[in-house]
Amino acid sequence: MAHWILQANPAHWRIRELFAGGRKGTVWPVRRYRETVAAGDDVALWVCGPDGGVVALGRIIGEPFEGRPDKRLWTGDPAKTTLLPVEFGTEFLERPIGREALRADHRFAGSLILRMAGGGNPFPVTADEWPAIAERVPRAGEHAVVATIVRGAAATTAGAVTAVREALRAAVQR
C-alpha cells in the first residue's frame, strides 16, 4: 500500500461543500502517477495557502479514469481529465495539521509537497513520512488539542522543542 497527498486550492475548489451533509467521497483530478496509484492506498487531503496543511485522511477507492470532476465542487467549469475516486473517512477542516508543524518534524521535512507545492496531484508520501501526518490527526473529545500536542511532541525525536512550539502556536490560533 502506498501513501499520497492530494492538494486542493480553495480558490478553485469548494472544500467545505465536499464534506457538507456528511459526504465523504468524490473524484480527484490527477496528472501524475496514474499508473502507480491503486485502490486501497492512503490519501491525505492538503489545502494550500498561508494556513495550509492536511485537513482529511482517506483511501483511494478505485482506479483512475477519464471524466469531468463534480461541477458543484469547482469555481469554474472543470475540463475533462484523469480522475481518481477517493473517500475521506476522517475530516478535520477546523483543526488542520499545519504545514509548519509538519515541516518541523524531521520525518516530513523533505516531503515533496513542501519542496514542490506547485507540482500536480498526487504527491507521493514515503512510509517514513506518513506517520508524521497520521500521528497528528486530531481526536474527537474535549482533550483533542492537548492530545494533538502530546502526540506531535512524542513523535518528534529531533527538533522536539520546535515541534512543541509550532503545535502550541497552531492550537492557540484555532
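The values are calculated or read from the model by the stated rules, or taken from the named source; none is laboratory data. Keep in mind the model is a prediction, meaning the values are calculated, not measured. Virtual Cβ from ideal backbone geometry, glycine too; neighbours counted across all protein chains shown.
Couple of notes before you dig in:
- Answer residue from region 103-153, given it is basic (Lys, Arg) and touching a helix residue (DSSP H, G or I) at 6+ places or on another chain (Cβ under 7 Å) and is modelled with the lowest pLDDT among those: ARG139
Results for (1) crowded, with 21+ Cβ neighbours inside 10 Å; (2) in contact (Cβ under 8 Å) with a residue 12 or more places away in the chain; (3) under 28 Å from ALA171 (Cβ atoms), shown as yes or no for each residue.
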position	(1), (2), (3)
ARG34	no, yes, no
LEU84	yes, yes, no
THR90	no, yes, yes
PRO131	no, yes, yes
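- ALA39 vs. criteria free of Cβ contacts under 8 Å to residues at least 24 places away in the same chain, at negative phi, outside any strand (DSSP E or B) and surrounded by fewer than 16 Cβ atoms within 10 Å (Cβ to Cβ): no
- Of the residues in region 45-54, at least one is surrounded by 15 or more Cβ atoms within 10 Å (Cβ to Cβ), touching a strand residue (DSSP E or B) at 6+ places or on another chain (Cβ under 6 Å), of a type in the set (Gly, Ala, Ser) and on the phi > 0 side of the Ramachandran plot.
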